[in-house]
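Novice: Can you read through this structure? Questions will come right after.
The values are calculated or read from the model by the stated rules, or taken from the named source; none is laboratory data. From a predicted model like this one, the values you see are computed outputs, not experimental measurements. In this analysis, Cβ positions are derived from the backbone assuming ideal geometry, glycine residues included, and neighbour counts consider all displayed protein chains. Remember, those area values only see protein heavy atoms, side chains included, never the ligands or the DNA or RNA. Shrake-Rupley method; radii C 1.70, N 1.55, O 1.52, S 1.80 Å.
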Amino acid sequence: MRILLPAALLALSSLPAAAAAPVMQPGLYEITAQMVMKGMPMQMPASSFRRCITPQDIADGSAYARGRDNKGCTISHFKQSGNSISYDFSCVMQGHGSMVGRASGSSHASGYDMQTNGHFVPAMEGMGEFSQKMSAKRLGDCGK
């Protein structure tokens, strides 16, 4: 009996932590992004696209970092604690250096909200810094 009580208490104490951090579900997501370029008089409109996010994408952080055509991007220092997410990124841009920065935000079972801040290396036509807000909403299962 003495051995069972500590084991039962340990199991119960871990339940609130697991319940407090819902894992984003795989599936089809609509992702909306709004980029703001410092020094640009007119800002770009928000854009949306759909993406099938896999369990592997969630585990390695690419679900929160990559869009449809960002094959030249890598993420590092990916951290997820509870519903908080952060990572560093670097994207090679065809014909013009790269963009590097940091992203942070939060996820929930059916999506995420992220804020990205970065800069172009070298500066691109007078534009050096940018920020981007990105959100994702789960639409359902991925089509086959």
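Novice: Calculate, for Met124 and Asp88, the FRET efficiency according to 1/(1 + (r/R0)^6) with r their C-beta to C-beta distance and R0 25 Å; round to the nearest 0.05.
Specialist: It comes to 0.80.
Novice: Extension gain Asp60-His77, at 0.36 nm per residue separation less the Cα-Cα distance, in nm?
Specialist: This chain segment gains 5.1 nm when fully extended.
Novice: Provide Ile75, Ile53 ordered by accessible surface of protein heavy atoms (probe 1.4 Å), highest first.
Specialist: Ile75, Ile53
Novice: If you look at just the Cα atoms of segment 22-67, how large are its Rg and its Dmax in Å?
Specialist: 13.7, 40
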